[in-house]
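The values are calculated or read from the model by the stated rules, or taken from the named source; none is laboratory data. Not measured: the values here are computed from a predicted model. Positions of Cβ are generated from backbone atoms using ideal geometry, with glycine treated the same way; all protein chains shown enter the neighbour counts. Side chains included, ligands, DNA and RNA excluded: accessible areas come from the protein's heavy atoms. Shrake-Rupley method; radii C 1.70, N 1.55, O 1.52, S 1.80 Å.
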Amino acid sequence: MERIRARFLFGLPTSSEPVKLRTRKSKLYSKDKANDGITGFFGGSVTVFSVIFRLVNCLLVQTSFVPDEYWQSLEISHGMVFKYGYESWEWREGIRGYSYPLFFAVIYKILHLLRYDTVQLLILLPRVAQALLTALADVKLYHLVRRSEGPDVAKWTFFCQLCSWFTWYCCTRTLTNSMETTLTVLALYYYPLCTDKTHNSSWKYLSLVSWAVVVRPTALVVWLPLLFHHLWRAENKLKLITHQGLPVAAAALVSSALIDCIFYGKWIFVQWNFLKFNIFHNVGKFYGTHPWHWYLTQGFVAVIGPHLPVFLHGCSLTSTRHRVLLITIIWTLLVYSFLAHKEFRFIYPVLPFCMIFCGMSLAQLRAWRSCAACALLVLNLAAAFYTGLVHQRGVLDLMAHLQHLCDITDPPSPPEPEVLFLMPCHSTPFYSHLHCPVRLRFLECPPDLTGKQDYVDEAALFYADPLRWLGSSYPNTSMLPTHVVLFDPLEKEISAFLDGNKFVKEAELFHTHLPEGRVGRKIFVYKQ
């Protein structure tokens, strides 16, 4: 061997200098783990970019989506801290939990103690908190895909997640669906998706799943396939259930029950009440019904939007490890299809799952990648900016306009303001967006919980004969409100009441280009 070695070394320097090897530039050979995943999005910091992006997202969403973003969160939080507000029938019947409003109530309490509880901060800071949590979920989604599929797929998944119009529209709103989606993504990061063995850290994802169920019990629908998949692959199934699953779920439910018992003032289990009213009694159908195929033919198509083609392409590239995510998406759509009342936001928690398949599609495309990415960006931006800045903004502009009523002077001032909202029930925010105890009245519409066949809610009674309802509710001028708020289609029907009681139009606010039913293009404010 020495002779052979000598032949190869013939004519070469015999010094003992160490041989210098060429440094490989491929990331696969990089030993620098400090920056792994931190500077992975087009050369920038994923975390910093996500935070800035979601804060801008928060500021550029200035429209209303559904009543629950106020009436089931901020309105309750306002009442918890400032001792006045309005509790809808869900809270009187005990089907909503205080855990989610408590999150915002803590923010309100801190502002109150610091004497910074201005109405602007009370509206903005809860949404900023939601935006920061969403940014955290975006980062975790990026790291999840980077860990399982590599940096290229992670980059394009992150891109798809950020340019999704529906995520932009929903993620910073104070909806239980938004928090449910955030907790679902965070839980998915810790879920043992990439390995066949049970992680010792399963309690992390199980804790997040448990709190997602506390916030919104229907989160269990999304997680059932994933939980069964984990249990099926676990080496010690009994240990997973008894040492991690049951203790974590019990801790979350007991904590939630204690919070609810404190604020309800009685022993109550709201998760059971929620399922009983919405699943077994099907109370949701009171607020509208849709055909069984609505999610498959309309709802999912609208929510995923321009991403649909790349999502379908990504589904064809599904690896074994991600097959369970595709099953979860299909399962969720099918389960929700059996419910009579359907809404876009109900399937929002599976949208981040879809973005993983979209990322796999874009990473696989070569010749068409740039065109596809540009098309996604342009189409989603158009939808995001229109829905976030234009569509249904009137009700928020209205509450900003009414804030001047809070400037109540000394007793010699005019009569105490009272506002009557002649609009579909819960069309506007309430005390959480005024932050003063001005008298407010709106048309209520609780569902029939008594089983009466001839039940008609107050809103339906009003719209059946508006003048008759106004005459019976305000039989003399001394009882009249100082302000009346209505959508423009109602103006002609109650013009006799407005003119007869000397109401004059004080403001006219744009609401939407796409009026539907009793909702109009504009909102009118009349003052006596």
Can you tell me how much longer the chain between residue 323 and residue 255 gets when fully stretched, taken as 0.36 nm per residue apart minus their C-alpha distance, in nm with one decimal? 21.1 nm
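Express in nm, to one decimal, how much length is gained between residue 111 and residue 287 on full extension, taking 0.36 nm for each residue of separation and deducting their alpha carbon distance.
On the way: separation 176, 0.36 × 176 = 63.36 nm, distance 3.56 nm.
Residue separation times 0.36 nm, minus the Cα-Cα distance, leaves 59.8 nm.
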Alpha-carbon centroid distance for the pair the range 354-429 / the range 282-304, whole angstrom: 21
Report relative contact order for the chain in percent, whole number only (criteria: Cα-Cα under 8 Å, sequence separation at least 6). 16
Would you mind telling me the share, in percent, of accessible area of the chain contributed by carbon and sulfur at probe 1.4 angstrom? 63
For residue 262 and residue 499 in one chain, what is 0.36 nm times their gap in residues minus the Cα-Cα distance, to one decimal in nm? 80.4 nm
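Using 24 Å as the Cα-Cα cut-off, could you pick out the over-long pairs in 83/285; 276/342; 492/522; 342/522; 204/237?
83/285; 342/522
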Please sort 461-468, 62-69 by packing, taking for each peptide the average over its residues of neighbouring beta carbons within 10 angstrom, highest first. 62-69, 461-468
Short version: ³J(HN,Hα) in whole Hz for each residue of the range 489-501, in order, from phi by Karplus 6.51 cos²θ - 1.76 cosθ + 1.60 (θ = phi - 60°), x for Gly and Pro, what are they? x, 7, 4, 5, 5, 10, 4, 5, 5, 5, 5, x, 9
Let's test the formula: R0 of 25 Å, r as the Cβ-Cβ distance of residue 448 and residue 472. What FRET efficiency results, to the nearest 0.05? 0.70
Please work out the FRET efficiency for the pair residue 379 and residue 243, using the Cβ-Cβ distance as r and a Förster radius of 30 Å; give the result to the nearest 0.05. 0.05
Using alpha carbons only, how many degrees (0 to 90, rounded to 10) separate the axis of helix 323-337 from the longest principal axis of the chain? 20
Nearest 10 degrees is fine. How inclined is helix 151-163 to the longest principal axis of the chain, computing both from alpha carbons? 10
accessible surface per residue for the chain, probe 1.4 Å, DNA/RNA/ligands not counted, whole Å² -> 50
Just how many % of Cα pairs in the chain lie over 28 Å apart, if you round to the nearest whole percent? 62
Specify the angular offset, from 0 to 90 degrees and rounded to the nearest 10, of the alpha carbon long axis of helix 119-149 from the longest principal axis of the alpha carbons in the chain. 30
The FRET efficiency for residue 87 and residue 368, from their Cβ-Cβ distance with R0 = 56 Å and rounded to 0.05, is 0.60
Summed over the other residues with a beta carbon less than 13 angstrom from that of residue 128, with K and R at +1 and D and E at -1, the charge totals +3
